[in-house]
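The values are calculated or read from the model by the stated rules, or taken from the named source; none is laboratory data. Bear in mind the structure is a predicted one, so any value in this text is a computation, not a measurement. Virtual Cβ from ideal backbone geometry, glycine too; neighbours counted across all protein chains shown.
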């Protein structure tokens, strides 16, 4: 019998064994884990995905006081990830500048380039659009899409280590916010020395603050106070109001920003 493709099953591989755990065992487990979780995310019911997307967008826009003077790093959605272009539009309306990453060195950090709808792009690694000819910037806050996240505040990416290297190299260090669906949560990703924890994790279930070696759900004022404290401690721009009463970006308005999003030219 042929072995089953891990992308065709929801069964997660058994956790790595051994004490202490070897880096090789953790790496092998993560390689088995990724295709299962990516396929699970891709199979998410479209109606449920839409509701989760709307809930996450609302939480991000209402919670994080990102506006004038802020540089916002986000990722073009890939393989069913949350689409951070929705809140990015709101941040630009508040006066922030948004940027997308580019891979310029497979062993180095990502390079962020200023982006807004209409900027020329070209498809690069994984076919993901990258801005062409715009300013290079270091984000003050980065919305990071994980394959999975755990209860200690760590994320699992695609295995290239780009975001860990980017966060480690950036000065000042950005506020790192993982944005995912609740179905991507695991109890433990067995973090390694090179792994960097997030500052917040946002899912449709709410906003988690990463507090030492654990995460906890927090209300909006607590999250905003912690965000402001991180900004002060890291020398980032002052925070402003979130304009909670503003109308959230809707898919029809979003479509006008991105010709071809719904298939039209």
## Note on the structure
Per the filter on the stretch 72-84, residues more than 11 Å from the chain's Cα centre (by Cα) and buried (at least 22 other Cβ atoms within 10 Å of the Cβ) are 72
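Name the residues in the stretch 171-185 that are touching a strand residue (DSSP E or B) at 6+ places or on another chain (Cβ under 7 Å) and surrounded by 17 or more Cβ atoms within 10 Å (Cβ to Cβ), would you?
174, 175, 176, 177, 178, 179, 180, 181, 184, 185
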### Query
What is the number of the single condition among (1) in contact (Cβ under 8 Å) with a residue 12 or more places away in the chain; (2) surrounded by fewer than 13 Cβ atoms within 10 Å (Cβ to Cβ) that residue 34 does not meet?
(2)
#### Entry: Within the stretch 229-243, considering residues that are surrounded by fewer than 15 Cβ atoms within 10 Å (Cβ to Cβ) and not in a helix (DSSP H, G or I), the one modelled with the highest pLDDT
235
### Summary
Within the stretch 54-71, restricting to residues that are buried (at least 18 other Cβ atoms within 10 Å of the Cβ) and farther than 21 Å from residue 173 by Cβ, the one that is farthest from the chain's Cα centre (by Cα) is 62
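Hey, among 15, 47, 39, 25, which residue is over 29 Å from residue 114 (Cα atoms), surrounded by 13 or more Cβ atoms within 10 Å (Cβ to Cβ) and without any contact (Cβ under 8 Å) to a residue 24 or more places away in the chain?
Every option except 25 fails the conditions.
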### Message
Among (1) touching a strand residue (DSSP E or B) at 6+ places or on another chain (Cβ under 9 Å); (2) at negative phi; (3) not in a strand (DSSP E or B), there is one condition residue 168 misses while meeting the rest; what is its number?
### Response
(1)
### Query
Under the condition of being in contact (Cβ under 8 Å) with a residue 40 or more places away in the chain and within 29 Å of residue 46 (Cβ to Cβ), which residue from the stretch 100-125 is surrounded by the fewest Cβ atoms within 10 Å (Cβ to Cβ)?
117
